[in-house]
Amino acid sequence: MNSVLHSAAAVAGLALVVAVWRAAILALAVARPTRSVLLYRAWIALVRAPVDAIAKRVSYARRDALLAPIGSLVMISLVPFWLALFGVGYGLIFYGVGGLSMSGALRESGSSLFTLGFSSPRGGVATIVSFLAAITGPLLIALLIGYLPTLYGAFNRRETEVSLLAGRGGDPAWGPVILVRYQLADVVGQLADLFASWERLVADIAESHTSYPTLAFFRSPDLRRSWLTSLMAVMDAAAIQLARTPSAASASSRLVITGGISALKSINAAQRLPVIDDPLPNDPISLTYEEFHEAWLMLDRVGYPSETQPEQAWKDFKGWRVNWEQNAFLLARKIDSPPLDWSGPRNGNIPRLVRDRPRNRRHDDLDGLNVSLRLRPATEPDQPPPA
């Protein structure tokens, strides 16, 4: 009976060690999305759960402060989490092959895993297991050390473009304001450069945020900014330009939209969110014609060129936006991006950050733009977008 119990313990311990190594290698060393890292995803959910429960009951500013360290906390806490599982796994193996009690086996496992050396194994098999346990900790830490520069390199590239966009499209960025500021600066022709740079960034985000899903939860230093709402602003600006001045729009306007659509689908799949794959051009969107027309009039006031009427432009704009709106809204709820107009509902009935509409402020214009954000209560509880 004891031999069967010991054999079963050894097999269970070996299975646990293999499972943890598989999770660590897939999460840290394999640069491609995978849905099979159960231990990795379970730990992310466990770390986020208490913070999410508290964040839903507080203001957005407080919520952002609570969520800011989540990405880093998940990565830092992965090592002790995996080491604890390794300790249990090797302990079961020592119990099965080393002729030790369970407490003695766990003591032997801890001594070997952390290379403390206060306990020595007995027998050839136990000695081999001790050597394997001794190299586990350093290898795991080396994997994480090699992983972090990749993670933070992708984060820095992303946030550099988000920060640059604040000067070009408002802070926080908004699609119509991007077009307004380029018109006021008389550099509308340079919109192609902006869209081209974001096309490259979108490709970078698609690769990094699907290979390393934790990156999606790394928040911008400024609570009003987010990589996702900034991406939505750029795609809105490109869609408005295509709808309002189709002959003047460059190929990069279309490419940044198609790249963004593809990236959002990939990231949603990596986050195990529903993916709206191929909506019809006449499917409904949450943005209303009234909101679109308000932005249209704002562009009229600054003299932005127009080749069509707002009614026809709305149909064209809607045909572009329907391809990404619901995927972006689902992801925005998941990562709790800033609650801005045109960016969909969030978790809980929280105030939205409302953008003041821009004016061309001059030294002799004392009633110029007040760029601060106002807070307004949501008129009704946010509802999740339709699947």
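The values are calculated or read from the model by the stated rules, or taken from the named source; none is laboratory data. In this text the structure is predicted, and so the values were computed from the model without any measurement. A quick note on method: Cβ atoms are made from the backbone with ideal geometry, for glycine too, and the neighbour counts reach across all protein chains shown. The accessibility values were calculated without ligands, DNA or RNA, using every heavy atom of the protein model including side chains. Shrake-Rupley method; radii C 1.70, N 1.55, O 1.52, S 1.80 Å.
In the list S7, S36, which residue meets the criterion of being farther than 18 Å from F217 by Cβ and at pLDDT 80 or above? One residue alone meets the criteria, S7.
Residues in region 111-136 that are out of contact with any Lys or Arg (no Cβ under 9 Å at 6 or more places or on another chain) and polar (S, T, N, Q) were compared, and the one that is modelled with the highest pLDDT is T136.
Given the structure, is E108 buried (at least 20 other Cβ atoms within 10 Å of the Cβ), within 18 Å of the chain's Cα centre (by Cα) and either of a type in the set (K, R) or at pLDDT 85 or above (or both)? Against the criterion (buried (at least 20 other Cβ atoms within 10 Å of the Cβ), within 18 Å of the chain's Cα centre (by Cα) and either of a type in the set (K, R) or at pLDDT 85 or above (or both)), E108 does not qualify.
This table checks each residue for (1) closer than 30 Å to D222 by Cα; (2) in contact with a helix residue (DSSP H, G or I) (Cβ under 9 Å, 6 or more places away or on another chain).
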| position | (1), (2) |
| --- | --- |
| F86 | no, yes |
| G89 | no, yes |
| Y95 | no, yes |
| A126 | no, yes |
| I135 | no, no |
| I141 | no, yes |
| L144 | yes, yes |
| Y147 | yes, yes |
| L151 | yes, yes |
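Listed here are the residues, each with its yes/no results for (1) among the acidic types (D, E); (2) in contact with a Phe, Trp or Tyr (Cβ under 8 Å, 6 or more places away or on another chain).
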position: D186; (1), (2): yes, no
position: L201; (1), (2): no, no
position: D204; (1), (2): yes, no
position: H209; (1), (2): no, no
position: P221; (1), (2): no, no
position: T229; (1), (2): no, no
position: A233; (1), (2): no, yes
position: L242; (1), (2): no, yes
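The residue that is least open to solvent (accessible area, probe 1.4 Å), among those in region 145-180 that are more than 23 Å from P339 (Cβ to Cβ) and among the small types (G, A, S), is A154. Among the residues here, A173 qualifies as of a type outside the set (F, W, Y), outside any helix (DSSP H, G or I) and touching a residue at least 12 places away in the same chain (Cβ under 8 Å).
Going by the structure shown, is I267 of a type in the set (V, I, T) and either at positive phi or open to solvent by less than 20 Å² (accessible area, probe 1.4 Å) (or both)? Considered against the rule, which asks whether it is of a type in the set (V, I, T) and either at positive phi or open to solvent by less than 20 Å² (accessible area, probe 1.4 Å) (or both), I267 comes out as yes.
Number of residues in region 299-338 that are within 30 Å of I350 (Cβ to Cβ) and of a type in the set (K, R) equals 4.
Taken as a whole, the structure leaves V162 outside the set of residues that are more than 22 Å from the chain's Cα centre (by Cα) and in contact (Cβ under 8 Å) with a residue 60 or more places away in the chain.
Taken over region 307-333, residues that are surrounded by fewer than 22 Cβ atoms within 10 Å (Cβ to Cβ), under 18 Å from R254 (Cα atoms) and in contact with a helix residue (DSSP H, G or I) (Cβ under 6 Å, 6 or more places away or on another chain) amount to 2. The number of residues in region 223-256 that are outside any helix (DSSP H, G or I), modelled with pLDDT of 90 or more and closer than 30 Å to L28 by Cβ comes to 2.
In region 52-74 there is no residue matching the filter, namely being open to solvent by 50 Å² or more (accessible area, probe 1.4 Å), touching a residue at least 40 places away in the same chain (Cβ under 8 Å) and touching a helix residue (DSSP H, G or I) at 6+ places or on another chain (Cβ under 7 Å).
Across region 1-28, the number of residues qualifying as open to solvent by 60 Å² or more (accessible area, probe 1.4 Å) and either under 29 Å from D204 (Cα atoms) or among the β-branched types (V, I, T) (or both) comes to 5. Checking each residue in region 250-264 for being in contact with a helix residue (DSSP H, G or I) (Cβ under 6 Å, 6 or more places away or on another chain), of a type in the set (A, V, I, L, M, F, W, C) and surrounded by fewer than 20 Cβ atoms within 10 Å (Cβ to Cβ) picks out only L255. Of the helices (runs of 4 or more DSSP H) lying entirely inside region 265-344, those containing at least 2 residues that are farther than 17 Å from A239 by Cβ are 289-301, 325-335.
Looking for something at pLDDT 90 or above, under 22 Å from the mean Cα position of the chain (by Cα) and outside any helix (DSSP H, G or I) - is there at least one such residue anywhere in region 205-219? Checked against the condition, which is being at pLDDT 90 or above, under 22 Å from the mean Cα position of the chain (by Cα) and outside any helix (DSSP H, G or I), region 205-219 yields at least one hit.
On inspection, A31 does not qualify as of a type in the set (A, V, I, L, M, F, W, C), modelled with pLDDT of 85 or more and either within 19 Å of L215 (Cβ to Cβ) or in contact with a Lys or Arg (Cβ under 9 Å, 6 or more places away or on another chain) (or both).
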